[in-house]
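Remarks on the structure that follows.
The values are calculated or read from the model by the stated rules, or taken from the named source; none is laboratory data. All values derive from a computational prediction rather than experimental measurement. So basically every Cβ, Gly included, is an ideal-geometry build from the backbone, and we count neighbours across all protein chains shown.
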Amino acid sequence: MELKPPPQKLFADSETPGARSNYLRFRLSPDAAIALAARVKLSGREFVGEQRELYLLEERPDEEAPYERLLGDAMAGDGALFTREDAVEAAWAVVDPVLKTHTPAHSYKHGSWGPREPRIVVPDGGWYDPELPKPRKRSGAGG
């Protein structure tokens, strides 16, 4: 089922020729499935979108769930899906120093802008605190 376009232009690139409309698709047999596709905003400042699809497929009753397979393999002694001990130790050798020397988290009141420490980076590389007046831009050459 193809959905009608919204009454207003939502994205700067909305009128791209050949762009697909939002849709709802469903299948009853042989495997029940539902797909819902919509244009979503891409990250960044520009208001452009891309088509994304949410797809739901009914699991087949004869298939093992992922953890069923994992636990079954563990009980059977099959280590193919498991990481070897030396690989785990190598990973921890990288992560452990970071965990021991990281900057501690700062506490703050729920519903506030966050901790009092500077928190938002501005384009000149400084910090901006939303609870304080915005920094004024300098005009003219040479500052």
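You will find that of 70, 81, 42, the residue that is surrounded by 10 or more Cβ atoms within 10 Å (Cβ to Cβ) and touching a helix residue (DSSP H, G or I) at 6+ places or on another chain (Cβ under 8 Å) is 81 and no other. Please determine whether any residue of segment 27-34 is hydrophobic (A, V, I, L, M, F, W, C), touching a residue at least 24 places away in the same chain (Cβ under 8 Å) and either in contact with a helix residue (DSSP H, G or I) (Cβ under 6 Å, 6 or more places away or on another chain) or not in a loop (DSSP other than H, G, I, E, B) (or both). Scanning segment 27-34 turns up at least one residue that is hydrophobic (A, V, I, L, M, F, W, C), touching a residue at least 24 places away in the same chain (Cβ under 8 Å) and either in contact with a helix residue (DSSP H, G or I) (Cβ under 6 Å, 6 or more places away or on another chain) or not in a loop (DSSP other than H, G, I, E, B) (or both).
Of everything in segment 20-34 that's modelled with pLDDT under 85 and under 24 Å from the mean Cα position of the chain (by Cα), which residue is nearest to residue 8 (Cα to Cα)? Applying the filter and picking the extreme gives 21. Looking across segment 35-54, the residues that are over 17 Å from the mean Cα position of the chain (by Cα) and part of a strand (DSSP E or B) come down to 35, 36, 37.
Restricting attention to segment 60-81, the residues that are in a loop (DSSP other than H, G, I, E, B) and of a type outside the set (D, E, K, R) total 6. The residue pairs whose first member lies in segment 91-115 and is free of Cβ contacts under 8 Å to residues at least 24 places away in the same chain, whose second member is surrounded by 10 or more Cβ atoms within 10 Å (Cβ to Cβ) and aromatic (Phe, Trp, Tyr), and whose beta carbons are closer than 6 Å, counting only pairs six or more residues apart or on different chains, are 114/108; 115/108. The residue of segment 82-138 that is modelled with the highest pLDDT, among those that are among the polar types (S, T, N, Q), part of a loop (DSSP other than H, G, I, E, B) and farther than 30 Å from residue 70 by Cα, is 107.
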